[in-house]
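Take a look at the structure below.
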Amino acid sequence: AQTVTQSQPEMSVQEAETVTLSCTYDTSESNYYLFWYKQPPSRQMILVIRQEAYKQQNATENRFSVNFQKAAKSFSLKISDSQLGDTAMYFCALGQGAQKLVFGQGTRLTINP
Amino acid sequence: EADIYQTPRYLVIGTGKKITLECSQTMGHDKMYWYQQDPGMELHLIHYSYGVNSTEKGDLSSESTVSRIRTEHFPLTLESARPSHTSQYLCASGGRGRVKETQYFGPGTRLLVL
């Protein structure tokens, strides 16, 4: 069975700081995809970044980047130069092909002014 | 920009009423999903569909039912609402093009059953 674990229920940093959110997963498959989704207080789930397991290069999207360690089954999200608008719940998710996603428990991130 | 719509956004209803939560997408995605999420908690898949006339139950048992008669439309129905159904329901779609593995989410429906 696939599982996703986010061990940090809550995090809080000052604006402009860098923050890293942790995610570990377990799967027996060799071909899969990993995602970070953001859910602001308005509750619309938004895709932040995605990573294909077969790619060694870490994905980046502007201020967001991942550290994908396939052997360790780790997929952390780094947010650089954090902004107030980054305040949200962040969910790590694991998927295969175009199938179902398995979500972690979420990390509530607060960016303080 | 993903275009997936859910109505209503908020619904307060009494016990025993029948309700239908609507979900539509204009992206031509063949795969659609329904998740249940309690506030601040993780998402649980309750139904999914891989195409017209295809529906499957998800990992979390639910008393709701779904239908997929048209590609763009994936409504969820509760025949008799109960307070235990109070939650947020998120619809998602995916399965097309280069990023077919990615799911795109609607704004959600927050349901309160009194």
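Read-outs: derived from the displayed coordinates by stated rules, not from any lab. Being a predicted model, the structure only gives us computed values, none of them experimental. FYI the Cβ positions are ideal-geometry reconstructions off the backbone, even for glycines, and counts take in every protein chain you see.
Qualifying GluC sites (Glu not before Pro) in region A:3-52, where qualification requires a DSSP coil assignment and no more than 16 other C-beta atoms within 10 Å, comprise A:E15, A:E17, A:E29. In the protein assembly as shown, taking the dipole from charged Cβ atoms about the Cα centre, the farthest positive-side position among B:M27, A:S7, A:I111 is held by B:M27. Computed about its Cα centre, the charge dipole of region B:4-113 is approximately 260 debye, with only Lys, Arg, Asp and Glu carrying charge at their Cβ.
Of the trypsin sites (Lys or Arg not before Pro) in region B:9-71, the ones in a loop by DSSP (not H, G, I, E or B) with at most 16 other beta carbons within 10 Å are B:R9, B:K17, B:K18. Size descriptors for region B:16-111 (Cα atoms only): Rg and Dmax, in that order, 12.9, 44 Å. For the protein assembly as shown, the fraction of C-alpha pairs farther apart than 29 angstrom is 27 percent. Each residue, A:T5 and B:T7, gets one label point 7 Å from its Cα in the Cβ direction; the gap between the two is 4.5 nm. Inter-chain neighbour count for B:25-37: the average number of beta-carbon atoms from partner chains within 10 Å of each residue's beta-carbon is 1. Given springs between every Cα pair under 10 Å in a Gaussian network model of chain A, which of A:A59, A:A88, A:A72 has the largest fluctuation? Result for chain A, Cα springs under 10 Å: A:A72 fluctuates most. When only the Cβ of Lys, Arg, Asp and Glu is charged (+1, +1, -1, -1), the dipole of region B:46-87 relative to its Cα centre reaches about 80 debye.
Nearest 0.05, what FRET efficiency do A:N31 and B:V52 give at R0 = 25 Å with Cβ-Cβ as r? Efficiency, rounded to the nearest 0.05: 0.40. Of all lysines in the structure, the ones whose alpha carbon falls short of 20 Å from that of A:K55, not counting any fewer than 8 places away in one chain, are A:K70, A:K73, A:K78, B:K100. Principal semi-axes of the equivalent ellipsoid, √(5λ) from the alpha carbon gyration tensor of chain A, are 24, 14, 12 Å from largest down.
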